[in-house]
Amino acid sequence: MERNRLLERITLSPKVMAGKPVIRGTRLTVEYVLNLLAHGATCDEILQEYGGLTKEDILACLLYASEVLKSTTFMPLAQAV
């Protein structure tokens with residue numbers, strides 16, 4: 001799916017989840033979906049648990065996160081030994 005079409009699936013509103021990015025039409029934050037994936041949930045497991053989601057919604061979360069990271073400045077958390 002085209003980049004812009006995927007990103008249209010992510011919305012931000014100060015009235016929904018304190019302005020965090022969410023999957024359009026839901027209260028599921030990008031952060032929450034990424035956390036599920038980071039802790040080992042598969043796309044199929046997430047889709048089974050949240051019936052209204054699609055694979056494209058999960059891909060949109062990943063793409064959104066990668067786009068946000070492009071404009072982030074990183075500072076080391078600890079000094080390398």
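Values in this text are rule-based calculations from the coordinates and carry no lab data. Keep in mind the model is a prediction, meaning the values are calculated, not measured. Note that we place each Cβ from the backbone using ideal geometry, even for glycine, and neighbour counts take in every protein chain shown.
A few comments on the model shown:
- Taken as a whole, the structure places ASP57 among residues that are of a type outside the set (A, V, I, L, M, F, W, C), under 15 Å from the mean Cα position of the chain (by Cα) and part of a helix (DSSP H, G or I).
- Subset tally (residues that are in contact (Cβ under 8 Å) with a residue 40 or more places away in the chain and either in contact with a strand residue (DSSP E or B) (Cβ under 8 Å, 6 or more places away or on another chain) or not in a helix (DSSP H, G or I) (or both)) for region 61-80: 2
- Condition met for LEU12 (surrounded by 11 or more Cβ atoms within 10 Å (Cβ to Cβ), touching a strand residue (DSSP E or B) at 6+ places or on another chain (Cβ under 8 Å) and without any contact (Cβ under 8 Å) to a residue 12 or more places away in the chain): yes
- Number of the exception - ASN35 against (1) out of contact with any strand residue (DSSP E or B) (no Cβ under 7 Å at 6 or more places or on another chain); (2) surrounded by 11 or more Cβ atoms within 10 Å (Cβ to Cβ); (3) closer than 20 Å to LEU69 by Cβ; (4) touching a residue at least 24 places away in the same chain (Cβ under 8 Å): (4)
- Test for ALA41: is it in a loop (DSSP other than H, G, I, E, B), surrounded by 11 or more Cβ atoms within 10 Å (Cβ to Cβ) and not polar (S, T, N, Q): yes
- Region 15-32, subset of a type outside the set (A, V, I, L, M, F, W, C) and in contact with a Lys or Arg (Cβ under 7 Å, 6 or more places away or on another chain), residue surrounded by the most Cβ atoms within 10 Å (Cβ to Cβ): THR29
- Region 1-33, subset of a type in the set (A, V, I, L, M) and part of a loop (DSSP other than H, G, I, E, B), residue nearest to CYS61 (Cα to Cα): LEU28
- All positions within region 44-60 that are touching a residue at least 24 places away in the same chain (Cβ under 8 Å) and surrounded by fewer than 13 Cβ atoms within 10 Å (Cβ to Cβ): GLY52
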